[in-house]
Amino acid sequence: MWNSFMSSFAASKQLYCLSNVPLFSSAGYCNKIGKLMLARLLTTHDAMMSYDKTPETCKMVHSEEVKELYSDLMTLDPPHSQYYKDAYSLVVLKQVNISSSILLCRKAQSI
């Protein structure tokens, strides 16, 4: 299952990076789907990589890229901007939770 996810993830990111391909043109509907799919895949990848980790070793490697994708989607797809704002907020909330957990653990270790 993991290999299947990783190959799908790599293929999706490669397709997204080929911005000159009409499927992911900046003016089209498919660009929105491509960005949304990539944001979800990156979020899933981070979640899977941090599943059994402690807060000190848990890293959201792709959070900045995901926030950028959701910001782009807010402007590309105004009717659904509230969904993208909510998803963006969840990414920020996870970043804050991880950061505060790390601080609490370090404070407890210093006592």
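The values are calculated or read from the model by the stated rules, or taken from the named source; none is laboratory data. Nothing here was measured: the structure is a model prediction, and the numbers come from that model. No Cβ is skipped: glycine too gets one built from the backbone with ideal geometry, and neighbour counts run over all protein chains shown.
Quick look at the numbers
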read-out: Residues of the stretch 72-101 that turn out to be surrounded by 14 or more Cβ atoms within 10 Å (Cβ to Cβ) and hydroxyl-bearing (Ser, Thr, Tyr), as a count; value: 5
read-out: Hey, Leu69 at pLDDT 90 or above, under 12 Å from the mean Cα position of the chain (by Cα) and surrounded by 12 or more Cβ atoms within 10 Å (Cβ to Cβ) or not; value: yes
